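What follows is a set of notes on a single structure, which appears directly below.
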Amino acid sequence: MEFKPYLKKLTPYPPGKTVDEIRRELAIEGPVYKFNSNENPLGPSRKVVKVIKELAKTVHLYPEASYIELKKALAEKWGLSPENFVLGNGSNEVIELVFKALVNPGDEVLVSQPSFLMYEKFAQIYGAKVKTVPLDKDLKHHIPGLLKKLSRKTKVIFLDHPNNPTGSVLGPKDWGLLFKNLPENVLVVIDEAYGEFIENPEVPIGIEFLQNGFNVLVLRTFSKAYGLAGLRLGYGMAEKNLVKVLDALRQPFNLNLFAYKAGLAVLNDQAYLKKSQKVVKEGRKYLTYELSALGFKVYPSEANFIMVDFGKFCETIYQSLLKKGLLLRPLKPYGFPNALRITIGLPEQNKILVEAIKDLLG
């Protein structure tokens, strides 16, 4: 067999280690705390658990293929039409649909460096050329740099907002500069996986640009604020013609029955969402204050994680905490060899982490 030549350098996405993996590798018998994968520390909504138990008797049947009830619920939430939504097996699948619909081998996509790694992975899979632009001095997307990289071959710009792994966001002037100078045929994918955790009211979100007629696809996920990471459920919002093409490209029954109905259940659980947001916002402030007080650089974040520069102590802290069952995410693959990304946990979990770091420092 002869594989596509541009796949030779393709490497798998490096996911965060699971609890079971850590237990096996390090023979840890005590509690394991996951600060490495940006999951929801609350666990699932009670409404989700209830609906999954009820559905267990019907898993021999296919789900409704149109997923119209979930689309209607999302349309009501965002003030759009059901025809503005495409659903995916995680928002990752919607990203891949963009490549299937718009990007030919040899076309170009623009991404920031660093950002969510899957943008580049999909570009490699589909034979597209990736042009990367380093984040600016504030670790935000560098809009002037991205605009300079535009060419006639540019099809898509991917912007994770907040950025992963820095947690940074863009202000109105940044977005204004982008759309003022962007060709109409270039799609901007605004990936708001962490959008529910944006606290600053002056930070624009993607729905505003969609409603104002800009050429955008806004991504959202149920994995973070809604606690459904294990069920893989995400969606995109865009103008109807784009959604119609993306929807035609997705696999039939791409959402499993549990994901479909759990999404409906958790959308109706506003108390759960508010609690998720409260835990993150308060925990973000606590960890930022405590780690800054220890002399470490904590970067401003609007996500459910923070990025911390531990300097010369980084590797020692990471390895030592790992042995204690405290999992953090090393950021060397993202270009920050002295930094770790820390998911916001429950208050008691955050306190355990801070105390463990203090103990390591003596």
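Things worth noting here:
- Extreme residue, surrounded by the fewest Cβ atoms within 10 Å (Cβ to Cβ), among residues of segment 55-94 that are at pLDDT 95 or above and acidic (D, E): E76
Yes or no, residue by residue, for (1) more than 30 Å from N212 (Cβ to Cβ); (2) loosely packed, with under 15 Cβ neighbours inside 10 Å; (3) touching a Leu at 6+ places or on another chain (Cβ under 7 Å); (4) not assigned by TED's automatic domain parsing to the domain that holds R220:
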{"position": "G236", "(1), (2), (3), (4)": "no, no, yes, no"}
{"position": "E239", "(1), (2), (3), (4)": "no, no, no, no"}
{"position": "L246", "(1), (2), (3), (4)": "no, no, yes, no"}
{"position": "R250", "(1), (2), (3), (4)": "no, no, yes, no"}
{"position": "Q277", "(1), (2), (3), (4)": "no, no, no, yes"}
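- Filter result for the condition that a residue is under 30 Å from G171 (Cβ atoms) and not in a strand (DSSP E or B), over E315, E290: E290
- Among the residues of segment 234-245, at least one is aliphatic (A, V, I, L, M), touching a residue at least 60 places away in the same chain (Cβ under 8 Å), assigned to a loop (DSSP other than H, G, I, E, B) and within 23 Å of I68 (Cβ to Cβ).
- If you filter segment 250-259 down to residues that are within 22 Å of the chain's Cα centre (by Cα) and not in a loop (DSSP other than H, G, I, E, B), you find that the one that is nearest to I52 (Cα to Cα) is F258.
- Selected residue [within 18 Å of the chain's Cα centre (by Cα), buried (at least 16 other Cβ atoms within 10 Å of the Cβ), outside the structural domain of L331 (by TED's automatic domain parsing) and among the charged types (D, E, K, R)] from D160, D174: D160
- Test: P162 is in a loop (DSSP other than H, G, I, E, B) and touching a helix residue (DSSP H, G or I) at 6+ places or on another chain (Cβ under 9 Å): yes
- Whether a residue is in a loop (DSSP other than H, G, I, E, B), modelled with pLDDT of 95 or more, of a type outside the set (A, V, I, L, M) and farther than 19 Å from A193 by Cβ was assessed, and G345 does not pass this test.
- Any hit, segment 119-131, residues being in contact with a Pro (Cβ under 6 Å, 6 or more places away or on another chain), touching a residue at least 40 places away in the same chain (Cβ under 8 Å) and not assigned by TED's automatic domain parsing to the domain that holds S301: yes
Quick grid of which residues meet (1) touching a Ser or Thr at 6+ places or on another chain (Cβ under 9 Å); (2) touching a residue at least 60 places away in the same chain (Cβ under 8 Å); (3) under 30 Å from P337 (Cα atoms); (4) assigned to a helix (DSSP H, G or I):
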residue	(1), (2), (3), (4)
K224	yes, yes, yes, no
K261	no, yes, no, yes
A265	yes, yes, no, yes
Y286	no, yes, yes, yes
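- Checking the stated criteria, A356 turns out not to satisfy the condition of being crowded, with 23+ Cβ neighbours inside 10 Å and of a type in the set (G, A, S).
- Segment 186-221: number of residues that are in contact (Cβ under 8 Å) with a residue 40 or more places away in the chain and in a strand (DSSP E or B): 7
- Any chance A303 is modelled with pLDDT of 95 or more, assigned to a loop (DSSP other than H, G, I, E, B) and either within 24 Å of the chain's Cα centre (by Cα) or under 26 Å from S223 (Cα atoms) (or both): yes
The values are calculated or read from the model by the stated rules, or taken from the named source; none is laboratory data. Because the structure is predicted, anything quoted here is derived from the model rather than measured. Because the Cβ atoms are built from the backbone with ideal geometry, glycine has one as well, and the counts that use them run over all protein chains shown.
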